[in-house]
Structure formats: structure tokens, C-alpha cells
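Inspection log for the structure reproduced underneath, given as C-alpha cells.
What follows is calculated from the coordinates using simple rules that are stated; it is not laboratory data. Remember, predicted model here, so these are calculated numbers, not experimental data. As a convention, Cβ positions derive from the backbone with ideal geometry for all residues, glycine included, and neighbour counts pool all protein chains shown.
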Amino acid sequence: MNIVLLGPPGAGKGTQAKVLARQVKLPHVSTGDLLRANVAEGTDLGRQAKDFMVKGLLVPDTLIQEMLRTRLGRDDVGQGFILDGYPRTLRQAQALDDIMSQFETQIDFVFNLKASEAVIIQRLSGRLVCSSCQANFHRTNMPPKAADVCDACGGELYQRSDDKEETIRKRLQVYAQESAPVIEYYRCKGALHEISADDDAHGVLTKILALIGSHHGSLKV
Ligand code: AP5
């Protein structure tokens, strides 16, 4: 089963993808996490991507495509994946279809997580991420048990450099310009499911699992 999570920055794609990955036992593939790992390791790709990311702009397709093709070619993706952060442009959606044809599979579910701008700004400006295992927290919505320490692995929590209000607004602008055609692309294919993501994380997960369950049998939160 191959699942794509669409939605603006802060809609909760990463949060849902991580829980869903455990629930349906499929790997979470996040292009943002892959890029941040490259930046942290100082790879060529990371050095080239960093400037775009810090400014809230999309990293050029030439850098992204090969990274994703390599990731989706790994053995752990054999039974499927939960893709978060890709595709963000029509060209990326078409490139994903090419990769799916090459691997003789298809996208089964596309969930478009919709959140209001006020909710997005509140979520991103309070987000904390584990520097070790990438678990997500929020200063007020989902606080860690101990300040700045990851509940899952004890790693140090940090604020992403693109989670400043000015950069958040730029990312939202880029999302509005580039990603509307992607939503239409999947709507036309009949794969799109719209999910209101302003609810709490458990409520959003329940809606996603109900939709998957209606096609693949019952799944409980
Ligand atoms: P990426 O890492 O993909 O960031 P994004 O799409 O901007 O999305 P976010 O990770 O900010 O938000 P999210 O929806 O995952 O929210 P989260 O679950 O964390 O990309 C970063 C950059 O990399 C891009 O700007 C671009 O430069 C580059 N890039 C990546 N992919 C690319 C591509 N395909 N092409 C080109 N460039 C690419 O939740 C946010 C916060 O809210 C958390 O604190 C969480 O705890 C909280 N929260 C989540 N859900 C709820 C809820 N339901 N209720 C209350 N709080 C909640």
C-alpha cells in the first residue's frame, strides 16, 4: 500500500506519517527529513539544498528526483510507503508516476490535510524536533515530558531554522503557488481524500484510518 500525504507546512503531515507508519507497518519517507539529513552530514546535495530550505523555497527538482528514486528503491519499501513532502509540483507528481511504473506499483491513497493559516502559524512557531530521532513535539499542543528532551530517545529538541514566522509565510506562499495543481492532478485520478486537519492529532488519524479501513478492512487507532 502506497500512501501520499499532501498539505501545507504545519498541516501535520510528519506527525500523522510517523503514527501511521507504526500503525500500518510501512516506512515513513519524508523528503524534508532526507534533505535535512543531507544538510547535517554536509553532503554535496545538502550543501546545494540548504540555501533554498533556509529561505522557504523549493529545492530544485534535479536535486530531489534522484534522492527520492534511490530511497524508494530500497528493500524496506517493498510492501509500500508513506510519502510526506513529495510531490509538491506537477512535475514531481508526474516523476512519481514514472517511478511507480518503473517499480510496477501505484499510489493507493492521497490524503490532502487541510489546515487554516492561524492553526499553521501556531503549530510551526511552537514546533520542536528531536535532533536524534526526528520525533515531533510542540511547546503547548504536544509538550515533551522534560523541557527540550525527546520522550522517545532522550535526544535534544531544537527549533527548525525555517520555522521563523517570516519563513513560514514564504513557505505558505510557495505552497499555494506550486501545490494546487498537484491536488487537482490526484483529484482527477480519483485517488484524493480531503481531510480537515485542524482537529487534534488523534482525531485526524482516526479519519485517515477510517478511509484506509474502508478499502482494506478495519484498522483501529
Ligand atoms: P518539509 O520538511 O517537508 O516541511 P513542510 O512541508 O513545510 O512541512 P512541515 O514539516 O513544516 O509540516 P508538517 O505538515 O509535517 O507538520 P508537523 O507534523 O511537523 O520541507 C522543508 C523544506 O525542504 C521545504 O521548504 C523545501 O525547501 C524542502 N523540500 C522538502 N521536500 C521538497 C520537495 N519535494 N521539493 C522541493 N523542496 C522540498 O506538525 C507541525 C507542528 O504541529 C508540530 O509541532 C506538531 O507537534 C504539531 N501538530 C501536528 N498535528 C497537530 C494536530 N492535529 N493538533 C495539534 N498540533 C499538531
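When the range 1-35 is examined, which residues are found to be touching a Ser or Thr at 6+ places or on another chain (Cβ under 9 Å), part of a helix (DSSP H, G or I) and near the ligand (Cβ under 7 Å from one of its atoms)?
Once the filter is applied, which keeps residues that are touching a Ser or Thr at 6+ places or on another chain (Cβ under 9 Å), part of a helix (DSSP H, G or I) and near the ligand (Cβ under 7 Å from one of its atoms), the range 1-35 yields Lys13, Gly14.
Here is a check on your reading of the model: is Glu104 surrounded by fewer than 18 Cβ atoms within 10 Å (Cβ to Cβ), out of contact with any helix residue (DSSP H, G or I) (no Cβ under 8 Å at 6 or more places or on another chain) and in a loop (DSSP other than H, G, I, E, B)? First the steps, then the outcome.
Details: surrounded by fewer than 18 Cβ atoms within 10 Å (Cβ to Cβ): yes; out of contact with any helix residue (DSSP H, G or I) (no Cβ under 8 Å at 6 or more places or on another chain): yes; in a loop (DSSP other than H, G, I, E, B): yes.
When the stated conditions are applied, Glu104 passes them.
Would the range 185-200 turn up any residue that is within 14 Å of the ligand (Cβ to nearest atom) and part of a helix (DSSP H, G or I)? Please lay out each step first, then the result.
From the range 185-200, those within 14 Å of the ligand (Cβ to nearest atom) are 195-200; that's our starting set.
This time we only want the ones that are part of a helix (DSSP H, G or I), so: none.
The answer is no; no qualifying residue exists.
Look through the range 95-154, keep the residues that are aromatic (Phe, Trp, Tyr) and closer than 24 Å to Glu184 by Cβ, and return whichever of them is nearest to the ligand (Cβ to nearest atom). Even if it seems obvious, please write down each step before you answer.
Going residue by residue through the range 95-154, those that are aromatic (Phe, Trp, Tyr) are 103, 109, 111, 137.
Filter once more, so that each one left must be closer than 24 Å to Glu184 by Cβ: 109, 111.
Details: Phe109: 17, Phe111: 11 Å.
My answer is Phe111.
I'm trying to understand the selection: among the residues of the range 183-204, which are of a type in the set (Val, Ile, Thr) and over 22 Å from Lys18 (Cβ atoms)?
Step one: of the range 183-204, the residues of a type in the set (Val, Ile, Thr) are 183, 195, 204.
Of everything in the range 183-204, just one residue is of a type in the set (Val, Ile, Thr) and over 22 Å from Lys18 (Cβ atoms), namely Ile183.
Which residues, counting only those in the range 44-82, are under 19 Å from Arg171 (Cα atoms) and either among the hydrophobic types (A, V, I, L, M, F, W, C) or in contact (Cβ under 8 Å) with a residue 60 or more places away in the chain (or both)?
Ala49, Phe52, Met53, Val54, Lys55, Gly56, Leu57, Leu58, Val59, Leu63, Ile64
Residue by residue through the range 201-221, note down the ones that are within 16 Å of the ligand (Cβ to nearest atom) and assigned to a loop (DSSP other than H, G, I, E, B).
Across the range 201-221, the qualifying residue is only Val221.
Checking the conditions here, which among Thr43, Thr70 is over 19 Å from the mean Cα position of the chain (by Cα) and surrounded by fewer than 15 Cβ atoms within 10 Å (Cβ to Cβ)? Spell out how you get there, then give the answer.
Numbers: Thr70 fails: over 19 Å from the mean Cα position of the chain (by Cα).
Testing whether each residue is over 19 Å from the mean Cα position of the chain (by Cα) and surrounded by fewer than 15 Cβ atoms within 10 Å (Cβ to Cβ) leaves just Thr43.
Does the range 40-97 hold any residues that are of a type in the set (Asp, Glu) and in a helix (DSSP H, G or I), and which are they?
Residues of the range 40-97 of a type in the set (Asp, Glu): 41, 44, 51, 61, 66, 75-76, 84, 97.
Scanning the range 40-97 gives Glu41, Asp44, Asp51, Asp61, Glu66, Asp75, Asp76, Asp97.
Considering Thr89, Thr43, Thr70, which residue is within 13 Å of the ligand (Cβ to nearest atom) and of a type outside the set (D, E, K, R)? Write out each step before concluding.
On the way: Thr43 fails: within 13 Å of the ligand (Cβ to nearest atom); Thr70 fails: within 13 Å of the ligand (Cβ to nearest atom).
Matching residue, one of Thr89, Thr43, Thr70: Thr89.
Out of curiosity, is Gln65 surrounded by fewer than 20 Cβ atoms within 10 Å (Cβ to Cβ) and under 18 Å from the mean Cα position of the chain (by Cα)?
Numbers: surrounded by fewer than 20 Cβ atoms within 10 Å (Cβ to Cβ): yes; under 18 Å from the mean Cα position of the chain (by Cα): yes.
In short, yes.
Go through (1) within 28 Å of Leu68 (Cβ to Cβ); (2) surrounded by 14 or more Cβ atoms within 10 Å (Cβ to Cβ); (3) of a type in the set (Gly, Ala, Ser) and name the single condition Gly126 misses.
Result: Gly126 fails condition (1) only.
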